[in-house]
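J.: The structure follows.
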Amino acid sequence: MPLTQLRNLGIVSAAGITTTKLGAGAVLQAITATDSTQRTTTSATFVTASNTLSVSITPSSASNKIFIIATGNLYIDVAGGYGLATIFRNATNLGDATWGMSCVYGGNSANIGSMSMSYLDSPNTTSATTYQVYIRRYGANNIYLQEPDGTSSITAFEIAG
């Protein structure tokens, strides 16, 4: 639909999209970041997985929600170890303090598995908010974020409240 028609319908104004015409549940913006460099840690506490696997989003209303999706894979280098991942909002872990949101277990050998996390957040702010993937090991020597040829991603969607 041409921009003039969207303006005539009241969906777009000179300032941008008019959220009142879209209604609750509408996706107002989406921001994505990816990382294709293999990252590793030996930390037993959650640490930043990658400085580039981070998105900053500024909600247009404090009543709006942010839906976050993060995908990739985790590799554990020894049998019996766990690779754990979670999403942080600024300095707050949105997952379980111990297990995070995604877990890969080494079983009887080293193992690689999918990292898939999603979370519907209510940050209650109109300030820039950062969402970032964090990882840690449990019983493993090293945990790796993605295989050497893999790509991880994080996407944040602002959802009208």
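The values are calculated or read from the model by the stated rules, or taken from the named source; none is laboratory data. Owing to the predicted nature of the structure, the values given are computational and were not obtained by experimental measurement. No Cβ is skipped: glycine too gets one built from the backbone with ideal geometry, and neighbour counts run over all protein chains shown.
J.: Could you identify the single residue in N90, N73, N51 that is modelled with pLDDT under 95, touching a Ser or Thr at 6+ places or on another chain (Cβ under 6 Å) and of a type outside the set (A, V, I, L, M)?
T.: Unique residue meeting the criteria: N73.
J.: Can you find a residue in the stretch 137-150 that is in contact (Cβ under 8 Å) with a residue 24 or more places away in the chain, closer than 30 Å to G25 by Cα and under 15 Å from the mean Cα position of the chain (by Cα)?
T.: Checking the stretch 137-150: not a single residue is in contact (Cβ under 8 Å) with a residue 24 or more places away in the chain, closer than 30 Å to G25 by Cα and under 15 Å from the mean Cα position of the chain (by Cα).
J.: Counting only residues that are more than 18 Å from S116 (Cα to Cα) and small (G, A, S), which one in the stretch 136-153 is modelled with the highest pLDDT?
T.: G139
J.: Next up: Is the stretch 113-136 home to any residue that is in contact with an Asp or Glu (Cβ under 7 Å, 6 or more places away or on another chain) and either at negative phi or not charged (D, E, K, R) (or both)?
T.: no
J.: Moving on. Any residue at all in the stretch 74-84 that is free of Cβ contacts under 8 Å to residues at least 60 places away in the same chain, touching a Phe, Trp or Tyr at 6+ places or on another chain (Cβ under 6 Å) and surrounded by fewer than 19 Cβ atoms within 10 Å (Cβ to Cβ)?
T.: Looking through the stretch 74-84, none of the residues is free of Cβ contacts under 8 Å to residues at least 60 places away in the same chain, touching a Phe, Trp or Tyr at 6+ places or on another chain (Cβ under 6 Å) and surrounded by fewer than 19 Cβ atoms within 10 Å (Cβ to Cβ).
J.: Within the stretch 76-87, which residues are among the small types (G, A, S) and at pLDDT below 95?
T.: Residues of the stretch 76-87 that are among the small types (G, A, S), as a first pass: 79-81, 83, 85.
Once the filter is applied, which keeps residues that are among the small types (G, A, S) and at pLDDT below 95, the stretch 76-87 yields A79, G80, G81, G83.
J.: If you don't mind, another one. What tally of residues in the stretch 56-86 results from selecting those that are in contact with a strand residue (DSSP E or B) (Cβ under 7 Å, 6 or more places away or on another chain) and within 24 Å of D149 (Cβ to Cβ)?
T.: So the count comes out to 13.
J.: In addition: Which fully enclosed strands (runs of 3 or more DSSP E) of the stretch 60-110 have 1 or more residues being among the acidic types (D, E), farther than 30 Å from A24 by Cβ and in contact with a helix residue (DSSP H, G or I) (Cβ under 8 Å, 6 or more places away or on another chain)?
T.: Correct list: empty, since no element meets the threshold.
J.: Could you tell me which of the residues G81, G72 is touching a Lys or Arg at 6+ places or on another chain (Cβ under 7 Å) and not polar (S, T, N, Q)?
T.: G81
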